[in-house]
Amino acid sequence: KTSVFARISPNDKLRIVKSLQRQKKVVAMTGDGVNDAPALKTADIGISMGKGGTDVARESSDMILLDDNFTTIEQAIREGRRIYSNIQKVIQYLLAGNISEVSTIFISMLFNIGTPILAVHILIINLVTDTIPALALGVDPATDNVMSQKPVKVGTLFEEGLIKRVIFHGFIISMITLIAYYIGYQDNPSIGVTMGFITLSLSQIVHALNQHSPSISFFSKKHARNWYLYGAMGISLIILLLLVFIPPIADFLSLHNLSMSEWLIVILLSLVPLVIVEIYKLIKKIAKK
């Protein structure tokens, strides 16, 4: 129950750190002297002073404050959490896309409904609609509530929530791709393949908007805008349209012209992942209240 300790020995500092860790706390320890070294080494993150700290303290710590300013710790934590979160966003985005591609092919084979997407389509999607937005997600700004989030232990990059979101998002994209393929297949198998490819590509581009936060709506004012991401999405969209509308490329990719109604269906289906995720966030927000 005690929160303040004064004039304690190095062994006492070590005991306090271990006691907090036994309570499943993530412990940060700051220090500058030789007597702080054991606690700095044992803590989840040891922070030493760069100017006034001893060599032993600096070697025992994980982070060194070059300006000996405690406010720098907050800035470092904020930036570290932003980087950690962005790595998760990129992983989630890429894995959800890969799962949607694999599950689309698997389900079509399981029910013997033809081939919704070709091997060359998967290659194009991975190179265009996945890679460019994923690079932009790597520089996503931090959310407003980043400092209110609980700290995480080392080695929990694939946390339970991320795995669930990857499977959930991948399944949604896979289902709308199969729906688009089935609708086009009724007229012509080639139209079905074209609608499946465009739906899968467009939905993954739109799905990049879902990555910013698992709880904050994309339309919320709290949502920090990433203009690099919007630019990357625009580039991916332009490349996709060029693939579809340039005849030699379209022929090589076995793509056919779609009617206005078919384009409308593809566009509406591609927005489904964004709508479903937004509804899910809204339900979670209401449930918390």
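Figures for the structure shown
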read-out	value
Condition met for residue 172 (open to solvent by less than 60 Å² (accessible area, probe 1.4 Å), within 17 Å of residue 270 (Cα to Cα) and assigned to a helix (DSSP H, G or I))	yes
Single unsatisfied condition, residue 216 versus (1) assigned to a helix (DSSP H, G or I); (2) open to solvent by 10 Å² or more (accessible area, probe 1.4 Å); (3) more than 20 Å from residue 104 (Cα to Cα)	(1)
Selection within region 115-130 - assigned to a loop (DSSP other than H, G, I, E, B) and open to solvent by 40 Å² or more (accessible area, probe 1.4 Å)	115, 118
Count of region 175-213 residues which are touching a His at 6+ places or on another chain (Cβ under 9 Å) and either of a type in the set (Lys, Arg) or not in a helix (DSSP H, G or I) (or both)	3
Residue count for region 131-146, restricted to those that are in a helix (DSSP H, G or I) and at pLDDT 85 or above	7
Subset of region 47-70 (residues that are modelled with pLDDT under 90 and closer than 20 Å to residue 151 by Cβ)	70
Residue match in region 281-288 (condition: open to solvent by 90 Å² or more (accessible area, probe 1.4 Å), basic (Lys, Arg) and either touching a strand residue (DSSP E or B) at 6+ places or on another chain (Cβ under 9 Å) or outside any helix (DSSP H, G or I) (or both))	no
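The values are calculated or read from the model by the stated rules, or taken from the named source; none is laboratory data. These figures come from a predicted structure and were not determined experimentally. Don't worry about glycine lacking a Cβ; one is built from the backbone with ideal geometry, like all the others, and counts go over all protein chains shown. Surface areas here come from the heavy atoms of the whole protein model, side chains and all, with no ligands, DNA or RNA. Shrake-Rupley method; radii C 1.70, N 1.55, O 1.52, S 1.80 Å.
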